[in-house]
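The values are calculated or read from the model by the stated rules, or taken from the named source; none is laboratory data. Just so you know, these numbers come straight off a predicted model, no measurement behind them. Backbone-built Cβ (ideal geometry, glycine too); neighbour counts: all protein chains shown. For the accessible areas, the whole protein counts, side chains as well, though only heavy atoms, and no ligand, DNA or RNA atoms are used. Shrake-Rupley method; radii C 1.70, N 1.55, O 1.52, S 1.80 Å.
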Amino acid sequence: MFNKIKENTRNIIICLGEFIIGILLFINPVDFTSNIIIVGGILLICMGLGNIIAYFRKEVSLSNRGLSTGIIYILLGGFCILQYQWFINTFTVITMLYGAVMLVIGIDKIQWGADLKRSKRKYWYYGIFDSFLTIVLAIVVLASSSLNSDILWIILALSLVVIAIFDLVTIILGAKEKYKVEIVDEVKVEEPVAQETTEEKKEKVEEVSEDDDLLIKDFIDTKDDNHEE
């Protein structure tokens, strides 16, 4: 079963990331968000420098936009570092975007739940419930954009933690069921093999018995011929 869980390593990491971010937003939302924006700005600057260096190392090509792309990344990164407070002040807009993304993810989860149902998975209803939970939380976030920023931080953090926990439970249950299904399939495949092996042994015993009867009969016939002579 652990191998099946490993197949979902990426999804598990995302769930854990959502959970950790949600907890940190509970503890100190403003400082945490500010640090994330600053770190993002530093990464953008590093990417920009990398693009510029790669541009001058490569041969001249009219399709290579590394220089301009690198400059844009550096400017965006500098803005994130120097004006991170702007993102905090416009948090309502960011929350609206996050709610919209949650809504799209929830709709996508409906497809996932329907696939689980059609595949006759035992825990298919977890996928359906997960999709509706995500959609409801997305609507709550979108509807709460006019509330006080402190309340908005709490709602955002709660939605992240709840969705992360439920997604993680769904992944583990799905991996557990898939493991059981594969074990049952292996047993079903092995049973005919064992039966064929037994039948083959029985046929071999019958063939040996027939050969022994023929040898005994030949021996008796040979002895009778010698006696008549």
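Its alpha carbons give the range 1-150 an Rg and a Dmax of 20.5, 58 Å. Could you work out how far the C-alpha centroid of the range 82-132 sits from that of the range 26-78, in angstrom? The range 82-132 and the range 26-78 have Cα centres separated by 28 Å.
Just the number please: accessible area per residue for the range 130-171, 1.4 Å probe, all protein chains included, in Å². I get 43 Å² per residue for this part. For a paramagnetic label modelled on Asn35 (point 7 Å from Cα along Cα→Cβ), amide N atoms under 19 Å away belong, within the range 65-80, to 80.
The packing ranking, built from the mean of other Cβ atoms within 10 Å per residue, places the peptides 61-68, 112-119, 95-102 in the order 95-102, 112-119, 61-68, highest first.
Once both labels are positioned 7 Å from their Cα atoms along Cα-to-Cβ, the gap between Phe79 and Ser119 label points is 4.2 nm.
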